[in-house]
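Read the structure below first, then the notes.
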Amino acid sequence: MFICLKDAVKKYGEGEAAVYALDHADLVIGKGEICVILGPSGSGKSTMLNMLGGLDTLDAGDLTIEGRSLIGLTPKERTLYRKEEAGFVFQFYNLIPDLTVEENIEVVSDISESPLDLSEVLGALELEPYRRRFPRELSGGQQQRAAIARAMIKNPKLLLCDELTGALDTRSSKNVLQFVEKMNRQYGTTVVIITHNEAIAKMADQIIWIRDGRVEKSVFNEKKIPAEELEL
C-alpha cells in the first residue's frame, strides 16, 4: 500500500450552505501502479489530486503516502514534500516561454535532491532533438512531453497528472500516454491520472470512479492493455 486516503473530508462553507468536495472518501493505491480516476466535472477529482500532491489540506480524515501521514504538516513540510516526492503534469503545460526545453527542465533539476540524468530523461521522452528549442517552437504533444520530463527529472515517487491529454489531438494523446507508461515501467513511479476520458482507464492497473466527493467504485483492471493500443 503506497497511498491510503481514509474518511477524507474537504468542504467549502458552513452549515446548510456547505459544499463537500470530498465527502468521507476512501482509496488505496499500490506502489508502482498506474491509477486512473474518472468522474464528471465537480465530482472531486481535482480536489483529490491536490490532496495527494500536498497542494491543499483535508478538513478531516487521514492521508498517508508510503506510511507517512500528510495530516498536520507545516507549510514548509508540505513544500518539501512537493519538492522531493511529488511530480505534477497539468493539462496546460505551464512551460516558461523564454526558456528552452532543457532550461525548463533544469529549473526543477537544479533544486532537486537526487535528480535523474537530464540526457537520460530527454532520451526516454524522445526530446533530445528539441532540447534547445523554445516552447513556441514545439507541437502540443512535444510541449506535454517536456512537461512530463520536467516532472520526472526530480525522480518523484508519485506522478500526478491532471487531464494531461485534454488539450491534445488523438495521435499526440496516445504518444504522451505511451511516455507516461514508459516512465512508470522504467522508474517504478506510481502514477495517478485524473481524466474524463474513460478510454484511458484501459491502460491502468486500478480504475477509480468518483461522484459527489465519494469513491463510488474501485476495480483492478484484469484486462490492462498498452497505451499504444488505446482507441482514444
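Values quoted throughout were computed directly from the atomic coordinates according to the rules given, and no laboratory measurement underlies them. Values in this document were obtained by computation on a predicted structure and should not be read as measured data. Don't worry about glycine lacking a Cβ; one is built from the backbone with ideal geometry, like all the others, and counts go over all protein chains shown.
Things worth noting here:
- Whole-Å semi-axes of the range 1-159's equivalent ellipsoid (Cα gyration tensor): 32, 17, 14
- Cα gyration tensor shape for the range 112-222, rounded if a/c is under 1.5, else prolate or oblate: prolate
- Per-pair calculated FRET efficiency, R0 = 30 Å: S114 and F92 via Cβ, rounded to 0.05: 0.60
- For the peptides 126-134, 33-41, the ranking by packing is 33-41, 126-134, with the highest mean count of neighbouring Cβ atoms within 10 Å listed first.
- The chain: relative contact order in percent, alpha carbon pairs under 8 Å with at least 6 residues between: 28
- Potential lengthening of the chain between R136 and A167 amounts to 9.6 nm, from the contour at 0.36 nm per residue minus the alpha-carbon distance.
- Nearby lysines by direct alpha-carbon distance to K157 (threshold 16 angstrom, same-chain neighbours under 8 apart not counted): K31, K83, K182
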